[in-house]
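Structure record follows, encoded as structure tokens.
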Amino acid sequence: MSADRLIFEEQGKPQQVLSRGMDYLDDLAKEDERLGALHFEGLPESWANLYTRFAIVMDAKNRGDGETIKNTIYPDIDAGIDGIRWINACAESADNGSVWTKF
């Protein structure tokens with residue numbers, strides 16, 4: 001499996017392989033697609049997406065555009081805290097023989 005594919009499984013349903021940049025993805029997922037389905041660059045593109053959103057919100061703040069601020073999705077402090085909680089739960093699971101760990 002390559003870095004531009006995701007194996008998606010739901011209990012009781014067949015396994016699916018999802019690829020980036022495809023029409024069946026949600027519009028929010030496609031919004032961050034910069035290079036199309038044939039290329040995957042990863043980290044630099046992720047940072048570019050984040051900085052673009054931050055710039056959009058800063059511009060909206062300067063213009064007094066509260067609607068754009070409210071509707072732009074980007075990680076905040078709560079997302080950062082959840083990320084650290086998730087990493088800690090992964091480490092705890094690994095330390096305990098890869099058991100399910102409450103997150």
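All of the numbers you see were taken from the coordinates with simple rules; none came from a lab. Being a predicted model, the structure only gives us computed values, none of them experimental. Cβ: placed from backbone, ideal geometry, glycine included. Neighbour counts: every protein chain shown.
General remarks:
- Angle between the chain longest axis and helix 43-63 axis [Cα atoms, degrees, rounded to 10]: 40
- Crossing angle, helix 77-95 versus the chain [Cα axis fit, 0-90 degrees, rounded to tens]: 10
- What the Cβ-Cβ distance of Met58 and Arg5 gives, at R0 = 25 Å and to the nearest 0.05, is a FRET efficiency of 0.15.
- For Asp76, neighbours were defined as the other residues whose beta-carbon sits under 15 Å from its Cβ, and their charges (Lys and Arg +1, Asp and Glu -1) total +2.
- Dipole in debye (nearest 20) - the chain, about Cα centre, beta carbon charges: Lys, Arg +1; Asp, Glu -1: 80
- Count of Lys pairs (Cα-Cα under 28 Å; at least 8 positions apart or interchain) in the chain: 5
- Extension gain, Lys13-Asp26: 0.36 nm per intervening residue step, less the Cα-Cα distance, totals 2.7 nm.
- Pair-distance distribution of the chain: all C-alpha pairs, bin width 5 Å, starting at 0; shares per bin in whole percent are 2, 10, 12, 14, 18, 19, 13, 7, 3, 1, 0.
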